[in-house]
Structures are given as C-alpha cells and as structure tokens.
Amino acid sequence: MRLKDKVAIVTGGARGIGKAISELFAKEGAAVIIWDLLDVGKETAESIQANGGKATFTKISVTDKEAVEAEAKRIFEEYGRLDILANNAGIVKDRTLLKMSMDEWNAVMNVNLTGVFICTKACVPYMIENKYGRIISAASTSGMRGNYGQTNYSATKAGVIGMAKTWTLELGKYGITANVIAPGYTVTDMTATIPEETAKMFAKQIPVRFLGDPMDIAHGYLYFASPEARYVSGVCLNIDGGAAR
Ligand SMILES: NC(=O)c1ccc[n+]([C@@H]2O[C@H](COP(=O)([O-])OP(=O)(O)OC[C@H]3O[C@@H](n4cnc5c(N)ncnc54)[C@H](O)[C@@H]3O)[C@@H](O)[C@H]2O)c1
C-alpha cells in the first residue's frame, strides 16, 4: 500500500498504459481519478472498484483548460488533497516531415505538450497547498532518439522532458517532484495498427528481445509516485528493454 491515502489523477487512464497505471495506483491504495475522452474509462473505473480499489472516471480533454481547472478544484474540494498527477494521455499522427500538415502538427502539440502544461498548471496550486506532489509525464524513446515519421510526436516527447526539468527547479521547494517515463514499444491500442510482422522485427532489435506490456511501464510510474522517491526529480526513466541507449 505504497500510495495509501493519496489522491491521483491519471490522464488517458481509460485504456493502455494509463489503465495499467490506474490499476496499479489503486492496488497500492490511492484514490484514482481517470481523466479521458473515451467512455470506456467508466468501465476501467468500475473494474478497479470491483477489485476493491478506489477509482472514478471523468470524461474530459486534457486540452480543455477551463474544464481541467474546474475538475482539479472539484477534486481538491472533495478529497482535501491532490498528490499525484500522471500526465499519460497522448496521441500520434505520424507522417514524414515533407507530408506533415499543420493540422497534424497542431493536434499532437495540443494533446501531448499543451495538455501536459494545462493539467500540471491546474493541479500544482493544490500540491503546493499541501507541500506534497508527484508529477509524472509521458515521454517516449521517440523523444530521445527521434523516430521515422514522428516530427510532431518526438518534439512533444522531448518537450515534456524539458518541462519536467524546469518544474524540478521551480517546485522542489514545495515538496513536489517532476519526473518523466520514456516507454519504448509497448503493446497497446496506440501500437495496434503496426502489422504483426513489423512488430516481430522491432522486438528483434530490442536488447531484451520482447515488446513491453503496459504494466512494465506502470511500475515506473509507481516508483516516481511513491513517497520513497522524494529525493528523485528531473529524471527521465527509459522503460524500453534497452532500446534507447
Ligand atoms: N504504446 C507505446 O508503445 C508508447 C511508447 C512510448 C510512449 N507512449 C506514450 O504513453 C502514453 C500512453 O500511450 P498508450 O500506448 O497507452 O496509448 P493509447 O492510445 O492506448 O491510450 C492513450 C489514452 O489517452 C487518451 N487521450 C487521448 N487524447 C486525450 C485527450 N485530449 N484528453 C484526455 N485523454 C486523451 C485516449 O483516449 C486513450 O485512452 C502516451 O503519452 C504515449 O505517447 C506509448
């Protein structure tokens, strides 16, 4: 019960890696609030409850500044605390540089970078109030070493690392840490469109020779979210089977 009595928001928690984070945080005693656009978030919350955990779902976009601010306020008023923010929501709109449209660029910027800014800015005042906070944001191996067809995505993923390092400087004095997880290829809906043969080829290029499972990534989030990680801030942890060395 490493997160006993803690209150955690998990953005993009309806499915994939966010679902695994929500399940693990709840198992460790946190009250989890899932923020997602997909209605399936309700089922995710209900299945956590059925397993004895605390979870609720709010349908919301991380890009909707007013709604996010109102939700963060509501949560603080209801629970009296807001300890952990997992900025996990993210999208891809892949295209090579010369073919990438402004719409594709802007859509990915809005969710993966501006969304992280909006959610963090809305939650931090409540963390400051209790002199405790854990901010964990989703980067990617693409942000560390680039990835073919991902100009927009890799820019956002490198960007969240810069934001976390800045928040480390600005917020450390309030007992708030800011860290980043950079997953490698993880089997979720996001990667489901990749043909099986291509996925097998990718697995062969990963030092551990297999693709990640959402729970592999969630355990990294749990470490950064835990009270034991109080002396760790501004760190980007690669969880990628050794892919981005
Ligand atoms: N799967 C991978 O291989 C991989 C690798 C590196 C990084 N990541 C990152 O990990 C995170 C989770 O990825 P995943 O594979 O679980 O993806 P996913 O597509 O399975 O899940 C992402 C979730 O985010 C939600 N979301 C998208 N836009 C949103 C918005 N505007 N507001 C609220 N919720 C929104 C989606 O509805 C979805 O539930 C993402 O940030 C992704 O970039 C994934």
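Measure out, as a whole number of angstrom, how far apart the alpha-carbon centroids of region 82-127 and region 48-68 sit.
17
On a 0 to 90° scale, report how tilted helix 196-205 is relative to the longest principal axis of the chain, with both axes built from alpha carbons and the result rounded to the nearest 10.
80
With springs only between Cα atoms under 10 Å apart, run a GNM on the chain and tell me which of A178, A158, A86 wobbles the most.
A158
Have a look at L113, L169, L98 and tell me which one the Gaussian network model of the chain (Cα, springs below 10 Å) gives the largest fluctuation.
Checking each option, the largest mean-square fluctuation is seen for L98.
Cα-based Rg (one decimal) and Dmax (whole number) for region 78-120, in Å?
Cα-based Rg and Dmax for region 78-120 come out at 14.5, 49 Å.
By how many nm would the segment from D5 to F202 lengthen if fully extended, with 0.36 nm per residue of separation less the alpha-carbon distance?
Net length gain for the segment: 66.9 nm.
Just subtract the alpha-carbon distance of R95 and E228 from 0.36 nm times their residue separation and send over the number in nm, one decimal.
Contour length minus the Cα-Cα distance gives 43.8 nm.
Going by alpha carbons, how many degrees (0 to 90, nearest 10) lie between the helix axis of 214-225 and the longest principal axis of the chain?
Here the helix axis deviates by roughly 40 degrees.
Of the candidates K200, K93, K165, which one comes out as most mobile in a Gaussian network treatment of the chain with C-alpha springs shorter than 10 Å?
Result: K200 has the largest fluctuation of those listed.
Once you have all Cα-Cα distances for the chain, histogram them in 5 Å bins from zero and send the whole-percent values.
1, 7, 14, 19, 21, 17, 11, 6, 2, 1, 0
Any read-out appearing in this document is the output of simple, stated calculations on the displayed coordinates, not a laboratory observation. Quick caveat: nothing in here was measured; it's all calculated off a predicted structure.
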